[in-house]
Amino acid sequence: MSIKQTKVFIEGHTLDKGNDGAATYLKNIYNIIIMQNKEYVFYIGSNNPKKISLLFGKFNNVKIIKYKFKNSFLRTFIDIPNIIKTNKINFAHFTYLIPFIKNKNCKYFVTTHDILFEDFPEYFPFKYRIIRSFFFKLSVKLADQVFTISNYSKKRIESVYKLNSDNICITSCAVSKDFIEFNKSKTSSKKYISNKYRINNFILYVSRIEKRKNQSLLLEQFLDKKLYLKNWKLVFIGSDSLKSDFLNTFNSLPPKIKKNIYWLYDIPYKDLINFYNACEFFVYPSSAEGFGIPPLESASLNVPTMCSNQTAMEEFTFFKDLSFNPRNYGEFSRTLNFMINNYKNIDTNLVKNKIIKKYSWERSANQISFFLKKV
(Lines give C-alpha, C1' and ligand atoms only; values in the text may rest on other atoms or scores of the structure.)
Protein backbone atom coordinates (compact mmCIF):
# COMPACT_ATOMS: atom_id res chain seq x y z
CA MET A 1 0.00 0.00 0.00
CA SER A 2 1.43 3.39 -0.98
CA ILE A 3 1.91 6.06 1.68
CA LYS A 4 0.28 9.41 0.99
CA GLN A 5 2.89 12.11 0.44
CA THR A 6 2.43 15.41 2.25
CA LYS A 7 2.61 18.40 -0.07
CA VAL A 8 3.32 21.92 1.15
CA PHE A 9 2.89 25.08 -0.92
CA ILE A 10 4.90 28.21 0.00
CA GLU A 11 3.73 31.51 -1.47
CA GLY A 12 7.15 32.91 -2.34
CA HIS A 13 6.60 36.18 -4.20
CA THR A 14 8.15 38.06 -1.26
CA LEU A 15 11.39 36.16 -1.94
CA ASP A 16 11.47 37.72 -5.41
CA LYS A 17 11.82 41.21 -3.98
CA GLY A 18 15.05 41.10 -1.99
CA ASN A 19 16.22 40.82 1.61
CA ASP A 20 13.47 42.50 3.62
CA GLY A 21 12.17 40.99 6.86
CA ALA A 22 9.47 38.84 5.24
CA ALA A 23 11.92 37.37 2.73
CA THR A 24 14.54 36.74 5.42
CA TYR A 25 11.90 34.94 7.50
CA LEU A 26 10.80 32.60 4.70
CA LYS A 27 14.33 31.91 3.49
CA ASN A 28 15.75 30.97 6.89
CA ILE A 29 12.77 29.06 8.25
CA TYR A 30 12.05 26.98 5.16
CA ASN A 31 15.69 26.08 4.57
CA ILE A 32 15.43 24.32 7.93
CA ILE A 33 11.92 22.87 7.49
CA ILE A 34 12.66 21.48 4.03
CA MET A 35 15.88 19.86 5.24
CA GLN A 36 14.19 18.33 8.30
CA ASN A 37 11.16 16.98 6.39
CA LYS A 38 12.68 15.21 3.40
CA GLU A 39 9.63 12.96 3.08
CA TYR A 40 7.48 16.02 2.23
CA VAL A 41 7.35 17.77 -1.14
CA PHE A 42 7.55 21.58 -1.05
CA TYR A 43 6.13 23.65 -3.90
CA ILE A 44 7.37 27.25 -3.99
CA GLY A 45 5.47 29.78 -6.10
CA SER A 46 7.48 32.61 -7.62
CA ASN A 47 7.81 35.04 -10.51
CA ASN A 48 11.58 34.56 -10.38
CA PRO A 49 12.33 30.81 -10.35
CA LYS A 50 16.07 31.39 -10.86
CA LYS A 51 16.30 33.31 -7.60
CA ILE A 52 14.28 30.67 -5.73
CA SER A 53 16.56 27.99 -7.17
CA LEU A 54 19.55 29.76 -5.64
CA LEU A 55 17.84 29.68 -2.24
CA PHE A 56 16.34 26.17 -2.27
CA GLY A 57 17.71 24.39 -5.34
CA LYS A 58 19.98 22.14 -3.30
CA PHE A 59 16.96 20.20 -2.01
CA ASN A 60 15.55 17.25 -3.96
CA ASN A 61 12.11 17.65 -2.38
CA VAL A 62 11.51 21.17 -3.74
CA LYS A 63 9.51 22.03 -6.85
CA ILE A 64 9.51 25.62 -8.07
CA ILE A 65 6.38 26.84 -9.85
CA LYS A 66 6.46 30.02 -11.91
CA TYR A 67 3.34 32.10 -11.50
CA LYS A 68 1.32 32.90 -14.61
CA PHE A 69 0.45 36.35 -13.28
CA LYS A 70 2.57 39.13 -11.78
CA ASN A 71 -0.47 41.07 -10.63
CA SER A 72 -0.97 40.34 -6.91
CA PHE A 73 -4.77 40.04 -7.18
CA LEU A 74 -4.66 37.58 -10.10
CA ARG A 75 -1.84 35.65 -8.47
CA THR A 76 -3.67 35.29 -5.15
CA PHE A 77 -7.19 34.61 -6.35
CA ILE A 78 -6.65 32.71 -9.64
CA ASP A 79 -3.13 31.38 -9.98
CA ILE A 80 -2.54 30.04 -6.46
CA PRO A 81 -5.95 28.31 -6.04
CA ASN A 82 -5.25 26.49 -9.33
CA ILE A 83 -1.80 25.44 -8.10
CA ILE A 84 -3.27 24.12 -4.84
CA LYS A 85 -6.01 22.18 -6.65
CA THR A 86 -3.86 20.79 -9.47
CA ASN A 87 -1.05 19.61 -7.18
CA LYS A 88 -3.35 18.38 -4.39
CA ILE A 89 -1.59 20.53 -1.79
CA ASN A 90 -2.14 19.61 1.88
CA PHE A 91 -0.75 22.79 3.46
CA ALA A 92 -0.30 26.28 2.01
CA HIS A 93 1.73 28.96 3.78
CA PHE A 94 1.17 32.64 2.93
CA THR A 95 2.58 35.97 4.02
CA TYR A 96 -0.17 38.39 5.10
CA LEU A 97 -2.74 37.46 2.43
CA ILE A 98 -4.51 34.17 1.68
CA PRO A 99 -7.06 33.33 -1.07
CA PHE A 100 -10.52 33.83 0.36
CA ILE A 101 -12.03 30.81 -1.36
CA LYS A 102 -10.29 27.91 0.34
CA ASN A 103 -9.73 24.41 -0.93
CA LYS A 104 -11.39 22.09 1.58
CA ASN A 105 -8.55 19.56 1.26
CA CYS A 106 -5.86 22.07 2.20
CA LYS A 107 -4.91 23.75 5.49
CA TYR A 108 -4.04 27.44 5.18
CA PHE A 109 -1.28 29.09 7.22
CA VAL A 110 -0.58 32.82 7.23
CA THR A 111 2.33 34.73 8.75
CA THR A 112 1.27 38.25 9.67
CA HIS A 113 4.47 39.98 10.67
CA ASP A 114 2.77 43.08 12.03
CA ILE A 115 -0.23 45.39 11.67
CA LEU A 116 1.65 48.62 12.38
CA PHE A 117 -0.55 50.56 9.97
CA GLU A 118 -3.46 50.03 12.40
CA ASP A 119 -1.61 51.52 15.39
CA PHE A 120 0.44 54.16 13.57
CA PRO A 121 -1.72 55.49 10.72
CA GLU A 122 0.43 58.63 10.49
CA TYR A 123 3.24 56.56 8.97
CA PHE A 124 1.20 55.03 6.15
CA PRO A 125 -0.82 56.35 3.18
CA PHE A 126 -4.62 56.19 3.51
CA LYS A 127 -5.13 53.77 0.61
CA TYR A 128 -2.33 51.51 1.92
CA ARG A 129 -4.05 51.31 5.32
CA ILE A 130 -7.60 50.71 4.08
CA ILE A 131 -6.67 47.91 1.68
CA ARG A 132 -4.41 46.10 4.17
CA SER A 133 -6.78 46.48 7.07
CA PHE A 134 -9.54 44.71 5.16
CA PHE A 135 -7.48 41.96 3.55
CA PHE A 136 -5.15 41.20 6.47
CA LYS A 137 -8.01 40.98 8.94
CA LEU A 138 -9.96 38.64 6.68
CA SER A 139 -6.86 36.52 6.11
CA VAL A 140 -6.18 35.89 9.81
CA LYS A 141 -9.86 35.12 10.35
CA LEU A 142 -9.92 32.54 7.55
CA ALA A 143 -6.52 30.94 8.17
CA ASP A 144 -6.33 27.58 9.91
CA GLN A 145 -3.21 28.78 11.72
CA VAL A 146 -1.75 32.26 12.20
CA PHE A 147 1.95 32.88 12.84
CA THR A 148 3.56 36.13 13.86
CA ILE A 149 7.06 37.20 14.86
CA SER A 150 6.89 38.84 18.29
CA ASN A 151 4.86 39.10 21.47
CA TYR A 152 4.07 42.67 20.50
CA SER A 153 2.57 41.66 17.13
CA LYS A 154 0.65 38.78 18.70
CA LYS A 155 -0.99 41.09 21.23
CA ARG A 156 -1.90 43.66 18.60
CA ILE A 157 -3.38 41.09 16.18
CA GLU A 158 -5.36 39.54 19.01
CA SER A 159 -6.67 42.91 20.18
CA VAL A 160 -7.32 44.75 16.91
CA TYR A 161 -8.66 41.82 14.89
CA LYS A 162 -10.41 40.12 17.82
CA LEU A 163 -8.59 36.85 17.27
CA ASN A 164 -8.25 34.16 19.93
CA SER A 165 -4.65 34.13 21.16
CA ASP A 166 -4.67 30.30 21.02
CA ASN A 167 -4.85 30.59 17.23
CA ILE A 168 -1.68 32.70 17.04
CA CYS A 169 1.75 31.10 17.30
CA ILE A 170 4.93 33.16 17.69
CA THR A 171 7.70 32.20 15.28
CA SER A 172 10.33 34.79 16.08
CA CYS A 173 12.88 36.09 13.65
CA ALA A 174 16.54 35.49 14.39
CA VAL A 175 19.99 36.13 12.96
CA SER A 176 21.10 34.01 10.00
CA LYS A 177 24.23 31.89 10.15
CA ASP A 178 25.77 34.17 7.51
CA PHE A 179 26.19 36.74 10.28
CA ILE A 180 26.90 34.48 13.24
CA GLU A 181 29.57 32.50 11.37
CA PHE A 182 31.07 35.49 9.50
CA ASN A 183 34.80 35.18 10.16
CA LYS A 184 36.26 38.18 8.38
CA SER A 185 38.11 40.57 10.68
CA LYS A 186 36.86 44.11 11.16
CA THR A 187 40.09 45.37 9.63
CA SER A 188 39.55 43.28 6.50
CA SER A 189 35.95 44.50 6.11
CA LYS A 190 37.06 48.11 6.55
CA LYS A 191 39.65 47.65 3.84
CA TYR A 192 37.09 46.01 1.53
CA ILE A 193 34.54 48.83 1.98
CA SER A 194 37.21 51.51 1.69
CA ASN A 195 38.59 50.08 -1.55
CA LYS A 196 35.19 49.49 -3.19
CA TYR A 197 33.11 52.41 -1.88
CA ARG A 198 35.74 54.88 -0.61
CA ILE A 199 33.97 55.12 2.76
CA ASN A 200 35.77 55.12 6.11
CA ASN A 201 34.97 55.82 9.76
CA PHE A 202 31.21 55.60 9.37
CA ILE A 203 28.02 55.21 11.38
CA LEU A 204 25.57 52.75 9.80
CA TYR A 205 21.78 52.36 9.58
CA VAL A 206 20.24 49.52 7.54
CA SER A 207 16.51 49.59 6.80
CA ARG A 208 13.98 50.56 4.15
CA ILE A 209 13.42 54.29 3.74
CA GLU A 210 10.12 55.01 5.49
CA LYS A 211 8.89 57.69 7.83
CA ARG A 212 8.52 55.27 10.74
CA LYS A 213 12.11 54.08 10.25
CA ASN A 214 13.29 57.53 11.35
CA GLN A 215 16.26 58.01 9.03
CA SER A 216 15.50 61.73 9.33
CA LEU A 217 16.16 61.68 13.08
CA LEU A 218 19.63 60.21 12.69
CA LEU A 219 20.44 62.54 9.81
CA GLU A 220 19.27 65.55 11.82
CA GLN A 221 21.46 64.58 14.75
CA PHE A 222 24.45 64.02 12.48
CA LEU A 223 23.98 67.53 11.10
CA ASP A 224 23.21 69.20 14.45
CA LYS A 225 26.32 67.72 16.06
CA LYS A 226 28.33 68.61 12.93
CA LEU A 227 29.89 65.15 12.96
CA TYR A 228 30.90 65.66 9.33
CA LEU A 229 33.50 68.15 10.65
CA LYS A 230 34.89 65.51 13.02
CA ASN A 231 35.86 62.98 10.34
CA TRP A 232 32.63 60.97 10.67
CA LYS A 233 30.64 59.56 7.74
CA LEU A 234 27.02 58.42 7.81
CA VAL A 235 25.74 55.50 5.72
CA PHE A 236 22.11 54.57 5.09
CA ILE A 237 21.40 51.28 3.30
CA GLY A 238 17.86 50.47 2.17
CA SER A 239 15.38 50.87 -0.66
CA ASP A 240 12.89 53.74 -0.81
CA SER A 241 9.58 51.98 -0.11
CA LEU A 242 7.26 54.63 1.37
CA LYS A 243 7.37 58.42 1.10
CA SER A 244 9.66 59.99 3.70
CA ASP A 245 11.07 63.47 4.39
CA PHE A 246 14.52 61.93 4.65
CA LEU A 247 15.25 61.92 0.92
CA ASN A 248 14.13 65.54 0.51
CA THR A 249 16.55 66.60 3.26
CA PHE A 250 19.31 64.38 1.95
CA ASN A 251 19.01 65.66 -1.62
CA SER A 252 18.94 69.30 -0.53
CA LEU A 253 22.20 69.18 1.45
CA PRO A 254 25.11 71.37 0.32
CA PRO A 255 27.77 69.35 -1.55
CA LYS A 256 30.40 69.96 1.16
CA ILE A 257 28.17 68.23 3.72
CA LYS A 258 26.48 65.70 1.44
CA LYS A 259 29.82 64.15 0.48
CA ASN A 260 29.99 62.74 4.03
CA ILE A 261 26.55 61.08 3.87
CA TYR A 262 25.71 58.06 1.72
CA TRP A 263 22.44 56.42 0.72
CA LEU A 264 22.94 52.98 -0.88
CA TYR A 265 20.48 50.35 -2.11
CA ASP A 266 20.54 47.14 -4.13
CA ILE A 267 24.06 46.36 -2.95
CA PRO A 268 25.31 42.73 -2.99
CA TYR A 269 24.55 40.67 0.11
CA LYS A 270 28.29 40.13 0.62
CA ASP A 271 28.80 43.89 0.71
CA LEU A 272 25.94 44.38 3.17
CA ILE A 273 27.56 42.08 5.73
CA ASN A 274 30.90 43.79 5.21
CA PHE A 275 29.28 47.19 5.76
CA TYR A 276 27.90 45.94 9.08
CA ASN A 277 31.28 44.58 10.09
CA ALA A 278 33.21 47.67 8.98
CA CYS A 279 31.11 50.36 10.65
CA GLU A 280 32.26 51.98 13.90
CA PHE A 281 28.79 51.55 15.37
CA PHE A 282 25.20 50.89 14.27
CA VAL A 283 22.09 52.97 15.02
CA TYR A 284 18.49 51.75 14.74
CA PRO A 285 16.08 54.61 15.59
CA SER A 286 12.90 53.07 14.18
CA SER A 287 9.69 54.16 15.90
CA ALA A 288 7.64 51.07 15.05
CA GLU A 289 8.56 47.49 14.17
CA GLY A 290 6.93 44.08 14.18
CA PHE A 291 10.33 42.71 15.17
CA GLY A 292 13.51 44.50 13.99
CA ILE A 293 16.25 42.21 12.61
CA PRO A 294 19.01 44.72 11.63
CA PRO A 295 20.14 45.64 15.18
CA LEU A 296 20.42 41.93 15.99
CA GLU A 297 22.45 41.37 12.84
CA SER A 298 24.86 44.16 13.73
CA ALA A 299 25.21 43.04 17.35
CA SER A 300 25.85 39.44 16.23
CA LEU A 301 28.95 40.76 14.43
CA ASN A 302 30.16 42.35 17.67
CA VAL A 303 29.29 45.81 16.42
CA PRO A 304 28.35 48.35 19.13
CA THR A 305 24.62 48.90 18.57
CA MET A 306 22.12 51.57 19.57
CA CYS A 307 18.49 50.46 19.30
CA SER A 308 15.01 51.88 19.79
CA ASN A 309 13.04 50.39 22.70
CA GLN A 310 9.58 50.94 21.19
CA THR A 311 6.95 48.41 19.98
CA ALA A 312 8.46 44.93 19.43
CA MET A 313 11.94 46.22 20.23
CA GLU A 314 11.03 46.62 23.88
CA GLU A 315 11.97 42.92 24.09
CA PHE A 316 15.59 43.78 23.22
CA THR A 317 16.53 44.45 26.84
CA PHE A 318 20.11 43.29 26.25
CA PHE A 319 20.95 46.69 24.69
CA LYS A 320 20.42 48.29 28.12
CA ASP A 321 21.87 51.84 28.21
CA LEU A 322 22.18 51.85 24.43
CA SER A 323 18.40 51.62 23.99
CA PHE A 324 16.31 54.76 23.68
CA ASN A 325 12.91 56.20 22.82
CA PRO A 326 13.26 57.73 19.33
CA ARG A 327 10.30 60.01 20.00
CA ASN A 328 12.33 61.67 22.75
CA TYR A 329 14.84 63.85 20.90
CA GLY A 330 16.88 64.64 24.00
CA GLU A 331 17.14 60.99 25.03
CA PHE A 332 18.26 59.98 21.56
CA SER A 333 20.83 62.79 21.46
CA ARG A 334 22.29 61.80 24.85
CA THR A 335 22.51 58.13 23.85
CA LEU A 336 24.21 59.03 20.58
CA ASN A 337 26.72 61.22 22.47
CA PHE A 338 27.46 58.34 24.81
CA MET A 339 27.99 55.99 21.87
CA ILE A 340 30.32 58.39 20.07
CA ASN A 341 32.48 58.72 23.19
CA ASN A 342 32.39 55.09 24.35
CA TYR A 343 31.80 52.75 21.38
CA LYS A 344 35.33 51.34 21.57
CA ASN A 345 34.81 50.18 25.16
CA ILE A 346 31.44 48.42 24.87
CA ASP A 347 31.25 44.70 25.71
CA THR A 348 29.72 43.45 22.46
CA ASN A 349 30.22 39.74 23.23
CA LEU A 350 27.70 39.86 26.06
CA VAL A 351 24.98 41.25 23.79
CA LYS A 352 25.82 38.83 20.98
CA ASN A 353 25.57 35.78 23.24
CA LYS A 354 22.20 36.87 24.64
CA ILE A 355 20.78 37.36 21.14
CA ILE A 356 21.94 33.93 19.95
CA LYS A 357 20.48 32.29 23.04
CA LYS A 358 17.11 34.07 22.86
CA TYR A 359 16.36 33.94 19.13
CA SER A 360 16.65 30.89 16.91
CA TRP A 361 15.46 30.12 13.37
CA GLU A 362 15.54 26.42 14.31
CA ARG A 363 13.10 26.99 17.15
CA SER A 364 10.69 28.89 14.90
CA ALA A 365 11.00 26.30 12.14
CA ASN A 366 10.16 23.55 14.61
CA GLN A 367 6.99 25.41 15.58
CA ILE A 368 5.78 25.44 11.97
CA SER A 369 6.86 21.81 11.42
CA PHE A 370 4.68 20.86 14.38
CA PHE A 371 1.59 22.17 12.59
CA LEU A 372 2.65 20.57 9.30
CA LYS A 373 2.56 17.18 10.97
CA LYS A 374 -1.10 17.65 11.90
CA VAL A 375 -2.29 15.92 8.72
Q) Top mean-square fluctuation among 252, 286, 333, Gaussian network model of the chain, C-alpha springs under 10 Å? A) 252
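For each pair in 17/186; 155/190; 70/258; 177/230, compute the distance between the two Cα atoms and list the pairs where it is over 31 Å. Mind showing how you got there, number by number?
Working: 17/186 29 Å; 155/190 41 Å; 70/258 38 Å; 177/230 35 Å.
In this structure, 155/190; 70/258; 177/230 lie more than 31 Å apart at Cα.
What is the sum of charges, Lys and Arg at +1 and Asp and Glu at -1, for the other residues whose Cβ falls under 14 Å from the Cβ of residue 134?
With Lys, Arg at +1 and Asp, Glu at -1, the neighbours total +4.
Share of the stretch 1-146's accessible area from carbon and sulfur, percent, 1.4 Å? Can you show the working numbers first?
Details: 4110 of 7370 Å².
Ligands and nucleic acids excluded, carbon and sulfur reach 56 percent.
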Q. Roughly how tilted is helix 126-142, in degrees to the nearest 10 and between 0 and 90, from the longest Cα axis of the chain?
A. 40 degrees
Q. Under 17 Å Cα-Cα from residue 102, which aspartates and glutamates qualify once same-chain neighbours fewer than 8 residues away are excluded?
A. 11, 79, 144
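Hey, what did the stretch 132-183 get for relative contact order, percent, Cα under 8 Å, at least 6 apart?
That works out to 36 percent.
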Q: Could you tell me which of rounded, prolate or oblate describes the stretch 1-115, using a ≥ b ≥ c as the square roots of the eigenvalues of the alpha-carbon gyration tensor, with rounded for a/c under 1.5 and, failing that, prolate when a/b is larger than b/c and oblate otherwise?
A: rounded
Q: First check a/c for the stretch 129-257, with a ≥ b ≥ c the square roots of the eigenvalues of its C-alpha gyration tensor; if it is under 1.5, answer rounded, and if not, answer prolate when a/b is larger than b/c or oblate otherwise.
A: oblate
Q: Find the relative contact order for the stretch 168-283 and round it to a whole percent, using C-alpha pairs within less than 8 Å whose residues are 6+ positions apart.
A: 37 percent
Q.
Helix 329-342 against the longest principal axis of the chain: what's the angle in degrees, Cα atoms only, rounded to the nearest 10?
A. 70 degrees
Q | Calculated [θ] (222 nm, deg cm²/dmol) that DSSP helices of n ≥ 4 give over the chain, each run adding -39,500 (n - 2.57) | A | -12000 deg cm²/dmol
Q. Counting only heavy atoms of protein chains, what accessible area per residue, in Å², does the stretch 2-134 have with a probe of 1.4 Å?
A. 50 Å²
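Can you give the relative contact order of the chain as a percent, counting alpha carbon pairs under 8 Å and 6+ residues apart? Walk me through the numbers on the way to the answer.
Details: 626 pairs, mean separation 53.6, N = 375.
Answer for the chain is 14 percent.
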Q: Report, as a whole number in µm² per second, the diffusion coefficient that Stokes-Einstein gives for the chain at 4 °C and 1.567 mPa s using the Kirkwood radius over alpha carbon pairs.
A: 59 µm²/s
(Q) What whole-number distance in Å separates the alpha-carbon centres of the stretch 221-253 and the stretch 149-177? (A) 33 Å
Q: Distance between Cα centroids, the stretch 342-368 to the stretch 16-95: provide it in whole Å.
A: 28 Å
Q: Straight distance only, please: which lysines reach the Cα of residue 320 with their own Cα at less than 19 Å, same-chain residues fewer than 8 apart left out?
A: 344, 352, 354, 357, 358
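If Lys and Arg each add +1 and Asp and Glu each add -1, what is the summed charge of the other residues whose beta carbon sits under 12 Å from the beta carbon of residue 358?
That works out to +3.
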Q) How do the peptides 269-276, 365-372, 254-261, 158-165 rank, highest first, by the average count of neighbouring beta carbon atoms within 10 Å per residue? A) 269-276, 365-372, 158-165, 254-261
Q. Under a Cβ-Cβ cut-off of 13 Å, what is the net charge of the residues other than residue 173 that fall near it, where Lys and Arg count +1 and Asp and Glu count -1?
A. -3
(Q) Which aspartates and glutamates, if any, have their Cα less than 20 Å from the Cα of residue 225, not counting same-chain residues under 8 positions apart? (A) 245, 280, 331
Q. Pairing the Cα long axis of helix 21-36 with the longest principal axis of the chain, what angle in degrees results, from 0 to 90 and rounded to the nearest 10?
A. 50 degrees
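The values are calculated or read from the model by the stated rules, or taken from the named source; none is laboratory data. Values in this document were obtained by computation on a predicted structure and should not be read as measured data. Reconstructed Cβ throughout: ideal geometry from the backbone, glycine too, with neighbour counts over all protein chains shown. Keep in mind that these areas ignore ligands, DNA and RNA; they rest on the heavy atoms of the full protein, side chains included. Shrake-Rupley method; radii C 1.70, N 1.55, O 1.52, S 1.80 Å.
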